[in-house]
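Data first, discussion second: the structure below is written as structure tokens.
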Amino acid sequence: MPTTPARTAPVHVTRDQHGLDPRLVHTFLAVVRAGGLSAATLELQTDLSTVSRQFKELETRIGKRLASRGRAGFRLTPEGDRFLGMAQRWMDAHARFQTELDALGAAPPPTLRLGIVDALLTALPGHASHLARAIRQCCEATQGMAFSLSTLRPVEIERRILSGELDAGIVAAHTPPAGLEQHTLYTEPNSLFIGPGHPWYDRADQARSDAELSSLACVVDPYAGDLPLPGLGTMLLTGPTRADSIEGVALLVCSGRFAGFLPDHLVASTASLSALRRVWPARLSHTQDIVLTCRKGKGSQPVRQLLRALAQRA
């Protein structure tokens, strides 16, 4: 009577309570890359017996033969081929997990959250580069320092500093709100400009009466309230035409329909603004201090570092 063949028990992947050992998976990937166990010893910096033992241990834990090896050379089995893709994804995920785990316990890098007004980079003579060099010095002095720059209106910069959303800001000098202090960076000349086509263009530098100035169509910009023009009151600072940036003011002035205050350095350094003319410069030009404003007192470490760098550059 013929005997019935014994039924083969199903093969299951076997793992200990810790799952697969990344060291064994690393060995497997190194062997595959090298094309054999012997060739992998150089990358793994170990002997052949250790590589062979680890490879066999991995096969035992998985419960599958992953490669044939012998005189015919090293060749992955179909199961080994499938495991190769799984192993690469598993090692990538393990590396990402380790990176995130390391970052979890590390202190976040210091970040200087700085609010700035627009038209800052064309400031002359070299004030913007002075600030840029101070920022570079902060980076060199504090490993990993990051920066977050926001271009905002001055009042919004001050509000965010007081609320803790910003560490410091660069604005035109004026009486600061309670709780803030200012550190002068440089002085900026400003003038009232008009463009070609404006009725006053050919006699731009001529003196004007209060009545004429009151009838002048001006662009009201975010910095208008800080203009140090004693005696004029709000004569040039009110009206329906408004812009929330210096670039917006310049665009409207170029139309020839409006007058607007612009930094002299911006007009001088911008080819598209070269045709603009100053209105009664003997009376309507002024200088404005540009300041770094921050909370009173000790301040954050990045702010202190920036102030030290600016002081050294000065």
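The values are calculated or read from the model by the stated rules, or taken from the named source; none is laboratory data. Being a predicted model, the structure only gives us computed values, none of them experimental. No Cβ is skipped: glycine too gets one built from the backbone with ideal geometry, and neighbour counts run over all protein chains shown.
Observations
- Only one entry in Ala168, Ala217, Ala172, Ala141 is among the small types (Gly, Ala, Ser), touching a Cys at 6+ places or on another chain (Cβ under 9 Å) and in contact (Cβ under 8 Å) with a residue 24 or more places away in the chain, namely Ala168.
- The residue that is surrounded by the most Cβ atoms within 10 Å (Cβ to Cβ), among those in region 255-300 that are within 12 Å of Ile194 (Cα to Cα), of a type outside the set (A, V, I, L, M) and touching a Leu at 6+ places or on another chain (Cβ under 9 Å), is Gly260.
- Selection count, region 248-263, where residues are under 15 Å from Ser191 (Cα atoms), under 29 Å from the mean Cα position of the chain (by Cα) and assigned to a helix (DSSP H, G or I): 2
- All conditions but one from (1) modelled with pLDDT under 85; (2) farther than 23 Å from Arg308 by Cα apply to Arg208; the one that does not is (1).
- Count of region 186-208 residues which are out of contact with any strand residue (DSSP E or B) (no Cβ under 8 Å at 6 or more places or on another chain) and among the aliphatic types (A, V, I, L, M): 1
- Of the criteria (1) surrounded by 12 or more Cβ atoms within 10 Å (Cβ to Cβ); (2) at pLDDT below 90; (3) in contact with a Lys or Arg (Cβ under 6 Å, 6 or more places away or on another chain), which one Thr14 fails: (1)
- Residues that are in a helix (DSSP H, G or I), within 16 Å of the chain's Cα centre (by Cα) and either more than 16 Å from Ser300 (Cα to Cα) or acidic (Asp, Glu) (or both), drawn from region 126-174: Ala132, Arg136
- Criterion violated by Glu156 - all others in (1) modelled with pLDDT of 90 or more; (2) in contact with a strand residue (DSSP E or B) (Cβ under 8 Å, 6 or more places away or on another chain); (3) loosely packed, with under 13 Cβ neighbours inside 10 Å; (4) not basic (Lys, Arg) satisfied: (3)
- Filter pass, Leu262 being over 30 Å from Pro110 (Cβ atoms) and in contact (Cβ under 8 Å) with a residue 24 or more places away in the chain: yes
- Within region 271-290, restricting attention to residues that are modelled with pLDDT under 90 and within 35 Å of the chain's Cα centre (by Cα), the residue that is nearest to His130 (Cα to Cα) is Ile290.
- Annotation note: of Ala119, Ala72, the sole residue that is under 30 Å from Gly169 (Cβ atoms) and either in a helix (DSSP H, G or I) or among the small types (Gly, Ala, Ser) (or both) is Ala119.
- Matching residues, region 265-298, being without any contact (Cβ under 8 Å) to a residue 24 or more places away in the chain and farther than 21 Å from Glu247 by Cβ: Gly297, Lys298
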